[in-house]
Amino acid sequence: MVTPTTAYTKLTALLEKSGLFTPDQIHELLNLQQQSGRAITDVVAEQGYAREDQFLEALAKAMGIPFVRLADVSIESHVLERLSTKAIFQYNVIPIAADNGTLRVATHDPFHPGLIDALRMASGNRVRLALSPSADIAKAATKFYGVGADTLERMIQDDRIELAPEGDLKKDLSEVDQEASVVKFVNQIIWEAYQDRATDIHLEPMETSLRIRYRIDGVLHQTPVPAHLKRFQASIISRIKVMANMDIAEKRLPQDGRISLKIRGEDIDVRVSTMPTVYGESVSLRLLMRHSGLTGLDKLGLVEHDEKILKKLITKPHGILLVTGPTGSGKSTSLYAWLHTINSIDKRIITIEEPIEYEMAGINQIQVRSEIGLSFAVGLRHILRQDPDVIMVGEIRDRETAEIAIRAALTGHLVFSTLHTNDAAGAVTRLVDMGIEPFLVASSVEGLIAQRLVRRLCKTCRHRIEPDESFLSSVGFPLERLAEGGIYEAVGCDECRGTGFVGRTGIYEIIVVNDRIRPLIVARASATEIRNTAMAQGLKPLRYDGWTKVLAGITTVEEVLRVSEDNEDLAET
């Protein structure tokens, strides 16, 4: 048996041999490690002495064992079966190879007391270690065993499952440790989604499985789940309904609820919706980070020309400014950015929203509550009695709301709102179709913005390619612009979790309603006529802005095609 003194001496020698630390740093590191009881790898990384991968690579060399990046390793199924799920997650390890009765196991903490003996007993094989970053191991474990696999195994071993008492729903999930299995599994689902930057979680009952998908940067990704998850479908869905204050006995009707919680100190609202399907209730969770969504005008992805136009529009004394686009195109984020830009002590700003997605200091925000009669129209009518300078209406959905918004604009208020239309010019015809007189639209509307969101290429792994000019020509890309920059494709790496993309940015088209546009509105001109007139005055269509971002290496041609309409005019005017 190795005594603590011997272990200390051995660790000291290995740290010296790594060549990364001075004697004083080694002494300090070992003191910190003994005081905290943490793995030396964690202490090195947390104290900033070296990156985890850098330290483990040097340590592996000093120990004479392999250092592996698990993203580059293919692990056969029979190897994964050598260790139980419990051992995998308890020791944060993963088996990577087996040969002649010897199991090679990746760990980030080779000095864990009794690790090799424990793994030998669990696997029935001789064990040899390899070093790999903890994030690699966790990602591989989720990939091969599924999210919450360790929790599910305990659930299978239990004779029965009981939901924990409701308790404090504001508990910080990063600090949750000892909880009932179902509770912990639901928390792991939300925690995993948070780490992956997901905006939505979908639990979808299939005939023989429970599928879990996350929407990340606007695209759905299926997450691996344990094989027997379907068995616990009812308990998992019931737990979510308890957290959202829903009726767990009602499974025949759709329900809506809300969960308030914290993750790493950040307040998060989770909007929950259930829908009965043939194989059980489908559950959708929308994650709203209350403060992280706030951004300035300069962070929206506007080109310099468009940003100057928008700054003029949002600082006008009165009128309506409408942003258009489908669900999930970033309209609310744009509205908040406008409010953030003009928010000042001398402006009274009031909003009415459904829901309030981000809380903003210095702004009066009202939540629509249709169950008690507080609709957009009712709220807006009362806002006008509150002496506002700027009003933000989450969405113009009906004629009554549109009429009040226009009246507000004509009586000296600046109004921001959204409409669901495909392009900027379509907002005019939508208002007229709602029953608003064209002359009122022409008198009140100052600007129309259409937008979409495209995924940003990961700067770490993006790859420049030679453009296929025949393909570009077929999708309307202006080949004469190729000299402006390069074209890149998505690859995938650890930084972007293999997707090739990190975050999103906007593409825009902006119509300023001026003296050439207003007569067309009064004459009930079509959206095409309005659009063509705007283009003759310099309007750059959505795809033109998209191609600009492609040539800047921000996104890909495929992304622009994915979010924009085929029939849009692609030519530069």
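Observations, loosely collected:
- Beta carbons closer than 8 Å, at least 6 apart along the sequence or on distinct chains, never pair a first residue in region 314-336 that is more than 17 Å from Leu380 (Cβ to Cβ) and without any contact (Cβ under 8 Å) to a residue 24 or more places away in the chain with a second that is surrounded by fewer than 21 Cβ atoms within 10 Å (Cβ to Cβ) and among the charged types (D, E, K, R).
- Residue count for region 488-526, restricted to those that are farther than 30 Å from Cys458 by Cβ and either assigned to a strand (DSSP E or B) or β-branched (Val, Ile, Thr) (or both): 6
Yes/no per residue for (1) at pLDDT below 95; (2) of a type in the set (Ser, Thr, Tyr); (3) under 17 Å from His420 (Cβ atoms):
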{"residue": "Glu354", "(1), (2), (3)": "yes, no, yes"}
{"residue": "Tyr358", "(1), (2), (3)": "yes, yes, no"}
{"residue": "Ile363", "(1), (2), (3)": "yes, no, no"}
{"residue": "Arg381", "(1), (2), (3)": "yes, no, no"}
{"residue": "Ile391", "(1), (2), (3)": "no, no, no"}
{"residue": "Gly394", "(1), (2), (3)": "yes, no, yes"}
{"residue": "Asp398", "(1), (2), (3)": "yes, no, yes"}
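- Residue check, Asp217 in contact (Cβ under 8 Å) with a residue 12 or more places away in the chain, over 15 Å from Gln188 (Cβ atoms) and either open to solvent by 60 Å² or more (accessible area, probe 1.4 Å) or in contact with a Phe, Trp or Tyr (Cβ under 7 Å, 6 or more places away or on another chain) (or both): yes
- Filtered residue count, region 198-221, keeping only those that are within 18 Å of Glu559 (Cα to Cα) and not charged (D, E, K, R): 5
- The listed residues are Leu313, Leu322, and the only one of them that is open to solvent by less than 10 Å² (accessible area, probe 1.4 Å) and assigned to a helix (DSSP H, G or I) turns out to be Leu313.
- Scan of region 57-92 for residues that are within 30 Å of the chain's Cα centre (by Cα) and open to solvent by less than 50 Å² (accessible area, probe 1.4 Å), ordered by number: Val68, Leu70, Val73, Ile75, Thr85, Ile88, Asn92
- Checking each residue in region 362-390 for being loosely packed, with under 15 Cβ neighbours inside 10 Å, under 30 Å from Gly257 (Cα atoms) and over 25 Å from the mean Cα position of the chain (by Cα) picks out Gly362, Asn364, Arg369, Ser370, Glu371, Ile372, Gly373, His382.
- Test result for Ile263, open to solvent by less than 40 Å² (accessible area, probe 1.4 Å), modelled with pLDDT of 95 or more and aliphatic (A, V, I, L, M): no
- Cβ separations smaller than 7 Å between residues 6+ apart or across chains give the following pairs from region 29-55 residues that are among the acidic types (Asp, Glu) to residues that are assigned to a helix (DSSP H, G or I): Glu52/Thr41; Glu52/Ala45; Glu52/Ser134.
- Lys251 satisfies every condition listed in (1) closer than 24 Å to Asp196 by Cβ; (2) open to solvent by 50 Å² or more (accessible area, probe 1.4 Å); (3) touching an Asp or Glu at 6+ places or on another chain (Cβ under 7 Å) except (1).
- Residue within region 412-426 that is part of a helix (DSSP H, G or I), surrounded by fewer than 19 Cβ atoms within 10 Å (Cβ to Cβ) and over 35 Å from the mean Cα position of the chain (by Cα) present: no
- Of residues in region 222-234 being of a type in the set (A, V, I, L, M) and either outside any helix (DSSP H, G or I) or more than 13 Å from Thr208 (Cα to Cα) (or both), the one least open to solvent (accessible area, probe 1.4 Å): Val225
- Candidates Val303, Val270, Val278 - the one that is more than 25 Å from Thr505 (Cβ to Cβ) and surrounded by fewer than 17 Cβ atoms within 10 Å (Cβ to Cβ): Val278
- Test: residue in region 428-443 that is within 35 Å of the chain's Cα centre (by Cα), at pLDDT 95 or above and open to solvent by 40 Å² or more (accessible area, probe 1.4 Å): no
- Enumeration of residues in region 325-361 that are of a type in the set (Val, Ile, Thr), open to solvent by 20 Å² or more (accessible area, probe 1.4 Å) and within 22 Å of Ala424 (Cβ to Cβ): Thr327, Thr333, Thr341
- Some residue of region 40-50 being under 19 Å from Ala130 (Cα atoms), assigned to a helix (DSSP H, G or I) and open to solvent by 40 Å² or more (accessible area, probe 1.4 Å): yes
- Checking the stated criteria, Glu400 turns out to be closer than 22 Å to Arg430 by Cβ, in a helix (DSSP H, G or I) and open to solvent by 80 Å² or more (accessible area, probe 1.4 Å).
- Among (1) under 23 Å from the mean Cα position of the chain (by Cα); (2) open to solvent by less than 20 Å² (accessible area, probe 1.4 Å); (3) at pLDDT below 95 - the single one Val491 does not satisfy: (2)
- Among the candidates Ile487, Ile530, Ile507, the residue that is under 23 Å from Met434 (Cβ atoms), touching a helix residue (DSSP H, G or I) at 6+ places or on another chain (Cβ under 7 Å) and of a type in the set (Val, Ile, Thr) is uniquely Ile530.
- Filter result for Ala118 (open to solvent by 20 Å² or more (accessible area, probe 1.4 Å) and in contact with a helix residue (DSSP H, G or I) (Cβ under 8 Å, 6 or more places away or on another chain)): yes
- Some residue of region 166-180 being open to solvent by less than 30 Å² (accessible area, probe 1.4 Å), at pLDDT 60 or above and not hydrophobic (A, V, I, L, M, F, W, C): no
- Selection from region 501-540 of residues that are crowded, with 21+ Cβ neighbours inside 10 Å and within 18 Å of Arg464 (Cβ to Cβ): Phe501
The values are calculated or read from the model by the stated rules, or taken from the named source; none is laboratory data. The shown structure was predicted, so the numbers you read here are calculated from the model rather than taken from an experiment. Ideal geometry is used to build each Cβ from the backbone, glycine not excepted, and the neighbour counts take in all protein chains shown. Just the protein is used for accessible areas: all its heavy atoms, side chains included, with ligands, DNA and RNA removed. Shrake-Rupley method; radii C 1.70, N 1.55, O 1.52, S 1.80 Å.
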